[in-house]
1. Please list the non-local residues whose amide H lies under 5 Å from the amide H of B:Asp266, H modeled 1.01 Å from N, same-chain partners needing a gap of 5 or more.
2. Just rank B:Val345, B:Val117, fewest to most, by other beta-carbon atoms within 10 angstrom.
3. Where in region B:369-399 does the label zone of A:Val66 land, with the point 7 angstrom along Cα→C-beta and an amide N cut-off under 16 Å?
4. Over chain B, consider all pairs of different Cα atoms and compute the Kirkwood hydrodynamic radius from their mean reciprocal separation; express it in Å, one decimal.
5. Given labels modelled 7 Å from the Cα in the Cβ direction, how far is it in nm from B:Arg130 to A:Thr228?
6. Would you kindly work out the equivalent ellipsoid of the protein assembly as shown from its C-alpha gyration tensor and give its semi-axes, the square roots of five times the eigenvalues, largest first in whole Å?
7. Under Stokes-Einstein, with the Kirkwood radius over Cα pairs standing in for Rh, what whole-number D in µm²/s applies to region A:2-76 at 4 °C and 1.567 mPa s?
8. Quote the Stokes-Einstein diffusion coefficient, in whole µm² s⁻¹, for chain A, based on the Kirkwood radius over alpha carbon pairs, a temperature of 4 °C and a viscosity of 1.567 mPa s.
Amino acid sequence: MSYLTLSTGIAFALLVLVLAVTLLFHRARARRPHAHYTHGDGLSARLLTAAVALTLFLAIDVTLAVRATQHLRERFWNYPDADPNALRVEVTARQWAWTFRTAGPDGRFATPDDVVTLGDLHVPIGRPVYLKLRAKDVVHSLYLPNFRTKIDAIPGSTTRLWFQADEAGRFEIGCAQHCGVSHYKMRGWLIAAPEDAYRGWLARAETDSRLRYDPADVTAHEGWDWETGR
Amino acid sequence: MTASPPPPDAAAPSHAASPSPSWVSRVFSTDHKVIGKQFLFLGLAFLAVGGVMAMLIRWQLARPGQPVPLVGRLLFPGAGGVISPAAYTSLFTMHGTIMIFFAVTPILIGGFGNFCVPLLIGTRDMAFPRLNMLSFWTMAVATATLTASFFVPLGAAQSGWTAYATLSTAIGAPGAGQTMWTVAIYFNGVSTVMGAVNYITTVVRLRAPGMSWFRLPLTVWGFFLTSILNALFVPVIAAAMVLLFFDRVFGTQFFIAGSTIRAGGDPILYQHLFWLFGHPEVYILILPAWGIVSDLLSFFARKPAFGYRVTVWSLIGVVVLSCVVYGHHMFTTGMSPLLGESFMVLTMIISVPTSLLFLNWLGTLWRGAARMRTPMLFCVGLVFTFGIGGLTGLYLADIVADQYLHDTYFVVGHFHLIMAAALLLASFAAVYFWFPKMFGRMMSERLGKLHFWPTFLALNVVFGGQLLIGWAGMQRRLYDPSAYEFLAHLLPWNVWISRAAYVLGAAQLVFVVNFFVSLRWGKPASANPWEVGTLEWTLPSPPPHHNFDVIPTVVRGPHELGHPDALARGKDWLGQDEVVS
């Protein structure tokens, strides 16, 4: 983002400079009774305008678009579909909470051994975390401020996001899309831990989830098959 | 110059031209100048309402959960003067709705569009005077519906001014307030389209002889191009409102889907419809402002507008491109990479005509002989704030930056710098500039400057501060940001932003005083107090009912300031219809 702030900062500084010069010096005064008469439609004026506009366009817009496209293709939109090592998580958003579901020992979603947590997303550091999101009621947006990213969760569709934690810690999860009166309370925690600690937590969570599983409570069976979406 | 009776002219639009019009013919007037003033007063009244809501929002963000002083117990009696989460949600929803649809739209397009377009092109009224009247009264129905929605059970709409489905359907908003909101926006749109058709026809058909397209004041270009966008895209939101109304009232499922609600609709469809209108809407509002500022910078720099034709083609370029950039509002909906990258590139391209426009403004100021009167101050202020607003738009067009900044206060600061700061500065410039022509009296320069400086400084602190707390990650539309640990340290920032906002609000009282005092006691205005050449200034202030005794013949463009022929005659401007022998 430094190129973004730098390039737009320079453009803004130039604007302020020209504005300051004209406002300080090009005012109606005794020794400047009237303005320089020009319509600014001569060839040189037009060439100058075009040259400045083109320079700004190339230096800021084109550069930003190219860099952003690169980043998107290499990183943000390059989902770890082929990476068996990635932690896959199904996220269900509802007013006003996040539910996180991992596949459990059988490696398949929407089975009784799924590991389900409410509000807390536990991840290991050093490997990709791959989220797929759905919403039960209204549009929400999973927001990871420390990871500088977010993705909407939309009723009727499945969206996805991936990131990787490289440091252990507790990072806040927010909702970024207005989702009703208690939107501001729709928080959660991302708990990133070293692989060992994560596995220790996972073992306890698997037991918890197995004990909590209720075959009759079908509304709680929110998982779906990772690949087919059914 | 004195008003003289209209000459018998079969081509003149029919008026009830009695010398002392009755109450009915004054209220239900077909005179574009009266209708313009009606829109202006309506817009200014709702600007005050929306402004008070902004103050309440700022109070809650600075002092979360504390009772509002002075008016709290009156406004929120059930909660002991505290703004509840539900009330707060209604406040930001209605603040946005009112400011965009019921304040800025009527002030700029309804008010100044009506007042200026016929006068500036040299005709006696709009092409369809009765449609014009109907446009105002349709807007009145919309405002009445919106106002009534505050008093129904569950209160006014709460799904944000964007009213994203499914939050705005019965799933998220069961009350009648949201339904009335869709009706109000629909009628607001009907009014706007009536106006748009009228402006387009008027500019195409009723220009005075010699008023060729490239002799039009840029103000008229602004209103004309805005009207084209209005005619094309307001029907899109009207359609979205109809579908949303059906979903809410008749149980259809255009926008409803979900894992618990099995239905065939798609909430994303609503976002497409909304932003297909919503992004052009930004340009709908800013084009008149750009036109007005382009003219006024020339008038007060005493110099022809730099690169007039390039400016016109840039405005047209913005209009064309504005139709194909709306997807940048939806970068976080998981749109396909092809769509995302296309919208990013198209959004970047729209900065080319915008920067040409900007460079022409600076070119106009360069080597001018600027008279720093109140309208000029507001225009220069606009150039500055629009500079920040425009450049921060690049951050949001860049998808990598946007996926962090989307739905944060960075977005709020960015669009307020344009939709609030730039549009208000342009609106105030227009009021100070045309007030003498509208009401026949000058506004006070001293109070005008006293209005400008706190307004300009405070709005940069408010919206600049919003950019910073957005950069720090604070989301929009949070009742209490300190619910988040990572936002708790921003409270002092919010306190200072709120203080600046109160200054901004208080500064508007200077404008209110100036407006009403000048209306009654202002210095009587001469026909041409600003010494400029566009056609409205050839008329007495205020102009007679029929505007022009004789339709003028236009011989030159609108910005002949500092022309050698004029200097030879001991002044520095030439009128558009002035014959120099």
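Every read-out reported here was derived from the displayed coordinates using simple, explicitly stated rules and does not represent laboratory data. All values reported here derive from a predicted model rather than from experimental measurement. Cβ atoms come from the backbone with ideal geometry, glycine included; neighbour counts cover every protein chain shown.
1. B:Phe255, B:Ile256
2. Arranged by neighbour count, lowest to highest, B:Val345, B:Val117 become B:Val345, B:Val117.
3. Answer for this model: none.
4. It is 24.7 Å.
5. 6.5 nm
6. In descending order, the three semi-axes are 51, 29, 23 Å.
7. Result for D is 84 µm²/s.
8. Here the translational diffusion coefficient equals 60 µm²/s.
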